[in-house]
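Participant: Here it is: the structure, laid out below.
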Amino acid sequence: MITEGVHRDISILDYHADREYLSASVIKEANKSLKHMKWYCDNKSKEDRKSHFDFGNAFEIALMDLMNGTKEFDSSVHIFDESKRPQKDKTFASKENKEWKDSFMNIDGYVINQNGKESVDTISEMLKACWEDEIIQRLLKNTDYQTSCFWTDLRSGIKLKTRPDICNINKTVLIDIKTTTDASPEGFARDVAKYSYDLQAMIQINGVLATGLFPEVKNYYWLAVEKEAPYNAQLYNFNNSEWDSVQMILDYLLGIVKRAKEENKWTGYSQRASNEYGILDINIPLWHKNKYL
């Protein structure tokens, strides 16, 4: 059983295995609907391994090795080289090759490709882009990587957890690393909206404050790094003026999660209704209306 507070010795596997505390991933599902959240919690352990998840974490580890002189990559990341399959004259449709690949993918740690997209070569190019940026270097050097925070939200009583990528305690700055295909202002803004990065950020801010890891948070940055040429690396500021509005959304979500847990009632999109019947108005897109003009 994990106790509340700051933990630097909990592995990523043990962090995700914990079900007592809710992570940002769970709360973001509640933002879609409570039914989404319930399904996610019940089925998360059954999900297949996602290559982009492994690649993103592998890049983060490589980046921290580069910036802080650690050597975690070789022990945490495994390179999948399909040329080493047992039956080289056959594809992975063969039973022996398929079993070999499945066993490789089920090993502990992260798996990335030797060649092609999301490969070792890709990480090398991404690291080069980050190293060439003096501000990125200054923010990432001498920092803590993935410190785990566990606490109880005072308003709702919901147990929460978070694991910020980068804690720069000296500067009281949090940094979240995101790999993407488009790190432009327009492209990354779409990612923030699509994946609710702002909600995740607010949970991280709450976590480091509630556990006493930070006395305050002066700034929160996203480091967006492209995993395709030209491999741009761009820092984005989560504007402090927007924190209060995101906090209001988070408080609302924690409130409806608390009620759902108490009543064991997991509604769908009707949670967005402003009437007691759960009926929603549909906002017909303007482009569709214009077709008739």
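Participant: Antiparallel DSSP bridges in region 134-293: what percent, to the nearest 5?
Facilitator: On the way: 14 of 22 bridges.
Expressed as a percentage, antiparallel bridges in region 134-293 total about 65.
Participant: From zero outward in steps of 5 Å, how is the percent of C-alpha pairs of region 129-279 spread across the bins?
Facilitator: Histogramming region 129-279 at 5 Å steps yields 2, 8, 16, 19, 18, 14, 10, 7, 4, 2, 1, 0 percent.
Participant: If you roll a 1.4 Å probe over region 15-123 with all protein chains in place, what percent of the accessible area is carbon or sulfur?
Facilitator: On the way: 3120 of 6260 Å².
For region 15-123, the apolar C and S fraction of the accessible surface comes to 50 percent.
Participant: Could you report the chain's accessible area per residue, 1.4 Å probe, as an integer in Å²?
Facilitator: Working: 16880 Å² over 293 residues.
In whole numbers, the chain has 58 Å² accessible per residue.
Participant: Would you rank GLU228, GLU262, GLU29 by solvent-accessible area, highest first, keeping every protein chain in place and using a 1.4 Å probe?
Facilitator: GLU262, GLU228, GLU29
Participant: What order do TRP151, TRP131 take when sorted by accessible area (1.4 Å probe), most exposed first? The partial results should precede the final answer.
Facilitator: Values: TRP151 15, TRP131 105 Å².
Final ranking, largest accessible area leading: TRP131, TRP151.
Participant: Among SER76, LEU127, ASN97, whose Cα lies farthest out toward the positive end of the dipole of region 62-127, if unit charges sit on the beta carbon of Lys, Arg (+1) and Asp, Glu (-1)?
Facilitator: Of the listed residues, the answer is ASN97.
Participant: Same structure again: Nothing charged except the Cβ atoms of Lys and Arg (+1) and of Asp and Glu (-1): what's the magnitude of the dipole of the chain about its Cα centre? Round to the nearest 20 debye.
Facilitator: On the way: 39 positive and 45 negative charges, 184 e Å.
The calculation lands at about 880 debye.
Participant: Roughly what % antiparallel, to the nearest 5, for the DSSP beta bridges in the chain?
Facilitator: Details: 17 of 31 bridges.
Of those bridges, close to 55 percent are antiparallel.
Participant: Then there's this: Go ahead and estimate [θ] at 222 nm for the chain from helices alone: -39,500 (n - 2.57) per DSSP H run with n ≥ 4, summed, over the residue count, rounded to 500. If you can, show how the numbers build up before the last one.
Facilitator: Working: 12 runs with 127 residues, N = 293.
Calculated from helices alone, the mean residue ellipticity at 222 nm is -13000 deg cm²/dmol.
Participant: Related question: Taking all protein chains in place and a 1.4 Å probe, what share, in percent, of the accessible surface of region 193-240 do carbon and sulfur account for? Before the final figure, lay out the partial values.
Facilitator: On the way: 870 of 2050 Å².
C and S atoms contribute 42 percent here.
Participant: Here's another thing I want to ask about it. Let me have the relative contact order for the chain, percent, based on Cα pairs under 8 Å that are six or more residues apart. All intermediate terms of the calculation are to be shown ahead of the outcome.
Facilitator: Working: 385 pairs, mean separation 60.4, N = 293.
21 percent.
The values are calculated or read from the model by the stated rules, or taken from the named source; none is laboratory data. Please read all numbers here as calculations on a predicted model, not as lab measurements. Quick reminder, even Gly has a Cβ in these numbers, built from the backbone with ideal geometry, and neighbours come from all protein chains shown. What goes into the accessible areas is simple: the full protein's heavy atoms, side chains included, and nothing from ligands, DNA or RNA. Shrake-Rupley method; radii C 1.70, N 1.55, O 1.52, S 1.80 Å.
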